[in-house]
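> Once you've had a glance at the structure underneath, I'll fire off some questions.
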Amino acid sequence: MTPFRVRILGSNSSQASFGRFLPSHLLTVDNKSYLIDCGEGTQFQMTKYKIKRNRIQAVFISHLHGDHLFGLPGFLSSFHHFNRYEALRIFGPPGIKQFINVCLDASFAHLGYSLYIHEITENDVPSLIFEDNKIEVFAFPLKHRVPTIGFRFNEKVPKLNIKPDAIERYRLSVDQVKELKSGRNVILSDGNVLTIQEACFEKAIARSYAYVSDTVYDESIVEHIKEVDLLFHETTYIHDLVNDARDRMHSTTKEAAEIAKKAKVKKLIIGHYSSRYADITPFESECKEIFPDSHMGVDGYVFDIIK
Ligand SMILES: [Zn+2]
Ligand SMILES: [Zn+2]
């Protein structure tokens, strides 16, 4: 089975501390990768974890707070060391174009590849914002102090393949083959039903990942992340600081776990820890009280989805 893997490159919020860098995740689907947020130090982590940067197709920035963004200028301008020529797409809230252009212009950066920057406004969400032959990406609104976007990545699965001997054995017409490839049973000339299970190879099951950072507790997120295989939801604080979380428009452990439970996701990863915490183990145990399949996201950790 082709890989569908999330690697945590940074798991802290606001500033790097206790060995934890700033938010950045890398999703790899087969031989393509997608970068989600790019906090300061992301390049350092890419080198440490031997990430193949030229495989990155697109970058998705959740919002313009510096902890999610300040790694981007360095990441974009150092591609010439890796001989990148392939175009790169960047998605983020309004203002991201200005930020990138100012940084690149002021530092006399020369890019050897085309950069396409897409600003996602409030009116654009929820919607499909990107697709290639591996994934489709949906953006949806989050509630934070500044415009913020969540992302859902759905794997595309190939159409069904007909078994080589089926066409002759069942004397299938071109239209019947098309029907079967689309996942529908067909009626044969003798009146019998030919099922897709009989005529086709087994269909791969699509995998999915959702990234929710930063946000206050918000049940309207649930419909956008329903039943994903893997959910990342920010947990800036453990639950005793729920009032601080509300004031700063962040979430606590129990709130993230509640959202995971309501959305019936398969697995929850947590992160975006406040710099006040040296020991983050209580985060996982608090989440597990509500959603047992909760896991700490820590720099370098890898989560593979295998179906
Ligand atoms: Zn943040
Ligand atoms: Zn923020």
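Nothing in this text is a laboratory measurement; each read-out follows from the coordinates by a stated rule. Only a predicted model underlies this, so the values are computations on that prediction, with no experimental measurement involved. Quick reminder, even Gly has a Cβ in these numbers, built from the backbone with ideal geometry, and neighbours come from all protein chains shown.
> Not counting the cut sites, what is the longest span of the chain without chymotrypsin sites (Phe, Trp or Tyr not before Pro) that DSSP labels loop and that have at most 16 other Cβ atoms within 10 Å? Kindly include the intermediate steps, with their values, before the conclusion.
Working: sites that count: Phe18, Tyr49, Tyr85, Phe108, Tyr113, Phe201, Tyr301.
Longest stretch, sites excluded: 202-300.
> Can you give me the C-alpha center-to-center distance between the stretch 78-117 and the stretch 1-77, rounded to a whole angstrom?
The stretch 78-117 and the stretch 1-77 have Cα centres spaced 15 Å from each other.
> Distance cut-off 26 Å, Cα to Cα: go down the list Lys50/Lys226; Lys32/Lys226; Lys50/Lys143; Lys32/Lys178; Lys143/Lys288 and report the pairs above it.
Lys50/Lys226; Lys50/Lys143; Lys32/Lys178
> Which residue fluctuates the most in the chain, going by a Gaussian network model with Cα springs under 10 Å, if the choices are His25, His81, His250?
His81
> In Å, the Kirkwood hydrodynamic radius of the stretch 11-57 over pairs of distinct alpha carbons?
Result for the stretch 11-57 stands at 11.2 Å.
> Quick check: from the Cα gyration tensor, does the stretch 49-111 come out rounded (a/c under 1.5), prolate or oblate? Write out the running numbers ahead of the final one.
Details: a/c = 1.74, a/b = 1.28, b/c = 1.36.
Since a/c reaches 1.5 but b/c is at least a/b, the shape of the stretch 49-111 is classed as oblate.
> Evaluate the distance, in nm, between pseudo-label points positioned 7 Å from the Cα of Glu289 and of Phe18 along their respective Cα→Cβ axes.
Result for the modelled spin labels: 1.8 nm.
> Of all the stretches in the chain, which is the longest one without any exposed loop site, taking GluC sites (Glu not before Pro) in a DSSP loop (any state but H, G, I, E, B) with at most 15 other Cβ atoms within 10 Å?
On the way: sites that count: Glu86, Glu202, Glu227.
So the longest stretch without any such site is 87-201.
> What do you get for Rg/Rh over the stretch 126-220 if you use C-alpha atoms and the Kirkwood form of Rh?
1.25
> Mind checking Rg over Rh on the chain, alpha carbons, Kirkwood formula for Rh? Mind dumping the intermediate values first?
On the way: Rg = 21.7 Å, Rh = 20.7 Å.
Looking at the chain, the ratio lands at 1.05.
> What's the center-to-center distance, using Cα atoms, between the stretch 255-289 and the stretch 166-189 in Å?
48 Å
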